[in-house]
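Visitor: So that we are looking at the same thing, I have put the structure below in structure tokens.
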Amino acid sequence: MAPVSSLERPPDSAAVSGNTKPRIELTDADDLELESGRMSFLEHLDELRRRLIASLIAAAIGCVVSFSLLDRYIFPFVTLPMRRMLPGGKLITTEASEFFMLWLKVGFLGGLLVATPFILYQVWLFVAPGLYSHEKRFAIPFVVFASIFFFGGAAFSHYVAFPVTWQFFIDFKADFIEFLPKVGPAFSMYVKMLLACGVIFQMPVLVFALARMGVVTGRFLVKNFKYATLIIVILGAVLSPGGDIASQMILAGPMMVLYIFSIGIAFAFQKRRKLEA
């Protein structure tokens, strides 16, 4: 029997029935890349260990830099929002080791901020094996923008959020009460607000990553806007170190602005699926 030519082959059953619904197919290169990127559980643990060790080394180097600049630059800069609003500009201490521990905490905080870009890069390297090659090219933009938004959140806390909250507690007192804050609790409030704002400002970066992976879309964020508003108000209350309404609104306000900004990012960078008939 003579072989049937390609022109004489019967048409595909989907074409005959008129079913032209597009379907999503992975190419051989995508399958090979997924297969090569798979890691066992122990390999994931070993990878996590290496990234943690690298992050700790970076934090140690950052602490060396921070402590070398602590007395002249970092410590006066960090404590300025606390001191400039107080009568006399002084904080008190009631324990012998309290100021020494504060000095160490400020140095470690500065070291962590110095090492933040490298730590974010290690986070990306830990996630990268599960991504496609065209998604791995976002490594540098992820590290750059995550660092920018983190430092932007820290700056917002230092110049806006903490001073407003601090002033609220200074003014909220009776005539027979003198406000004499201790250095330990004051700095603890400062650090909590700084880290909270730094994490909050990562929302656009997180939405960008989720949109590129196809987890969320701009339409999904718009559709669930009312639920996001409720979650943002709750987070503002939870993350507020003082628990007052002023600091809650200061944290919730930027989160609302960042959520709206993240919707635009999701629409601009959401994953476009390639459809093949």
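Just so it is clear, none of the values below were taken in a lab; they were calculated from the coordinates. Because the structure is predicted, anything quoted here is derived from the model rather than measured. Every residue, glycine as well, gets a Cβ built from its backbone with ideal geometry; the counts of neighbours run over all protein chains shown.
Visitor: Going by C-beta contacts inside 10 Å, put H134, H158, H44 in order with the fewest on the left.
Guide: H134, H44, H158
Visitor: If you average over every viewing direction, what projected area does the convex hull of the Cα atoms of the range 39-269 give, in nm²?
Guide: Value for the range 39-269: 15.3 nm².
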